[in-house]
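Peer 1: Dropping a structure here in structure tokens format, bear with me for questions.
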Amino acid sequence: MSRKKRYIEKLTGVQKSALEKGYRTGKSHIYRRKCHCILQSHSGKTVKELRAFFEVSGNTIYTWFNEWEKDGIKGLQLKPGRGRPPLLDSKDDQQVKKIKVLVHNEPQNLNRVVGQVKSEMGIDLSKKTLKRFLKNLNTVGNDLDEG
């Protein structure tokens, strides 16, 4: 006894054009792949064929199908909150002011600043992370005097 073969049966013209547009012009690679997968399934490709073509597991294909069936084209888009959360938040004014003060006090030695951030704020970060944070704040040279 085998399982019922699953594929995307019905697509309206609007859905099909939205999937084709997503496949051609979507911003992320994974979103384009998901759109392509749904279109291929609608054209009659089996899950086994899709799995081999996209080089993913069958569960991944079924997840894409479920996302499509539940939320349509919106379900295929990437959700926010992926990836590691940042250690430092440029929108947290208190944190930004504290970092600027520490850098202003030790402008020549970021290793000391990293140590002070760890002891005073309880945030364990690397010198490279601190540099990247400062660069993103556009705090170059005299801008540090503001804090």
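Peer 1: How high is the relative contact order of region 93-146? Use alpha-carbon pairs under 8 Å, at least six apart in sequence, and give a whole percent.
Peer 2: On the way: 25 pairs, mean separation 17.0, N = 54.
It rounds to 31 percent for region 93-146.
Peer 1: What distance in nm separates the two pseudo spin-label positions at residue 82 and residue 109, each 7 Å out from Cα along the beta-carbon direction?
Peer 2: Placing both labels 7 Å along Cα→Cβ, they lie 4.3 nm apart.
Peer 1: Using 0.36 nm times the number of residues separating residue 69 and residue 135, minus their current alpha carbon distance, what extension gain do you get? Write out the running numbers ahead of the final one.
Peer 2: Numbers: separation 66, 0.36 × 66 = 23.76 nm, distance 4.31 nm.
Stretched fully, the residue 69-residue 135 segment lengthens by 19.4 nm.
Peer 1: On to the next question. Between region 20-40 and region 86-116, how many Å separate their Cα centres?
Peer 2: 42 Å
Peer 1: What lysines could a cross-link reach from residue 10, if we take a straight Cα to Cα line under 28 Å and drop same-chain neighbours fewer than 8 places away?
Peer 2: In chain and number order, the partners are 21, 27, 34, 45, 48, 70, 74, 79.
Peer 1: Using θ = phi - 60° and the Karplus relation 6.51 cos²θ - 1.76 cosθ + 1.60, list the HN-Hα couplings for region 34-42 in order, rounded to whole Hz, with x at every Gly or Pro.
Peer 2: Karplus-based 3J(HN,Hα) across region 34-42 equals 4, 4, 4, 4, 5, 5, 5, 5, 5 Hz.
Peer 1: What translational diffusion coefficient, to the nearest whole µm²/s, does region 13-76 have by Stokes-Einstein, given a Kirkwood radius computed over alpha-carbon pairs, a temperature of 37 °C and 0.692 mPa s viscosity?
Peer 2: On the way: Rh = 11.5 Å.
Translational D for this selection: 284 µm²/s.
Peer 1: Right, another one. Under 26 Å from the Cα of residue 97, which lysines turn up, not counting those fewer than eight places away in the same chain?
Peer 2: Leaving aside lysines fewer than 8 places away in the same chain, those within reach of residue 97 are 118, 127, 128, 131, 135.
Peer 1: From the C-alpha coordinates alone, can you work out the Kirkwood hydrodynamic radius of region 93-146, in Å?
Peer 2: On the way: mean 1/r = 0.0907 Å⁻¹.
By the Kirkwood definition, the hydrodynamic radius is 11.0 Å.
Peer 1: Also, quick follow-up: So which GluC sites (Glu not before Pro) in region 4-96 end up in coil per DSSP with only 13 or fewer other C-beta atoms within 10 Å? All intermediate terms of the calculation are to be shown ahead of the outcome.
Peer 2: Working: sites: 9, 20, 49, 55, 67, 69; in loops: 9, 55.
Counting only loop positions with at most 13 other Cβ atoms within 10 Å, the GluC sites (Glu not before Pro) in region 4-96 are 9, 55.
Peer 1: Could you tell me which trypsin sites (Lys or Arg not before Pro) in region 47-112 are loop residues by DSSP with no more than 10 other beta carbons within 10 angstrom of their beta carbon?
Peer 2: On the way: sites: 48, 51, 70, 74, 82, 91, 97, 98, 100, 112; in loops: 82, 91.
Within region 47-112, the qualifying trypsin sites (Lys or Arg not before Pro) (loop, at most 10 other Cβ atoms within 10 Å) are 82, 91.
Peer 1: Here's a follow-up. Order these by the 10 Å Cβ neighbour count, fewest first: 117, 14. Can you show the working numbers first?
Peer 2: On the way: 117 24, 14 10.
So the ranking, lowest neighbour count to highest, is 14, 117.
Peer 1: So what is the relative contact order for region 1-110, in percent, with contacts set as C-alpha pairs under 8 Å and at least six apart? Write down the numbers at each step before the final one.
Peer 2: Numbers: 76 pairs, mean separation 22.9, N = 110.
After rounding, I find 21 percent.
Peer 1: Compute the convex hull volume of the Cα atoms of region 58-112, divide it by the residue count, and report the result per residue in Å³ as a whole number. Display every interim value, and only then the final one.
Peer 2: Working: hull volume 7.2 nm³, N = 55.
Per residue, the Cα convex hull of region 58-112 comes to 132 Å³.
Peer 1: Once you list every other residue whose beta carbon is under 9 Å from the beta carbon of residue 42, what net charge do they have if Lys and Arg are +1 and Asp and Glu are -1? Display every interim value, and only then the final one.
Peer 2: Values: positive: 10, 16, 45; negative: 9.
Cβ neighbours under 9 Å give a net charge of +2.
Peer 1: Excluding residue 95 itself, calculate the net charge of residues whose Cβ lies under 12 Å from the Cβ of residue 95, where each Lys or Arg counts +1 and each Asp or Glu counts -1.
Peer 2: Details: positive: 91, 97, 98, 100; negative: 89, 92, 93, 120.
Value of the local net charge: 0.
Peer 1: Taking K and R as +1 and D and E as -1, what net charge do the other residues with C-beta under 12 Å from the C-beta of residue 86 add up to?
Peer 2: On the way: positive: 84, 91, 132; negative: 89, 92.
My count for the surroundings of residue 86 gives +1.
Peer 1: Continuing with this model, one more query. Two decimals is fine: what's Rg over Rh for the chain, C-alpha atoms, Kirkwood radius as Rh?
Peer 2: Numbers: Rg = 24.3 Å, Rh = 19.1 Å.
On the Cα set of the chain, Rg over Rh gives 1.27.
Every number in this text was worked out from the coordinates using simple rules, so none of it is lab data. Note that the structure is predicted; figures quoted are calculated from it, not measured. Note that each Cβ is placed from the backbone with ideal geometry, even for glycine, and that neighbours are counted across all protein chains shown.
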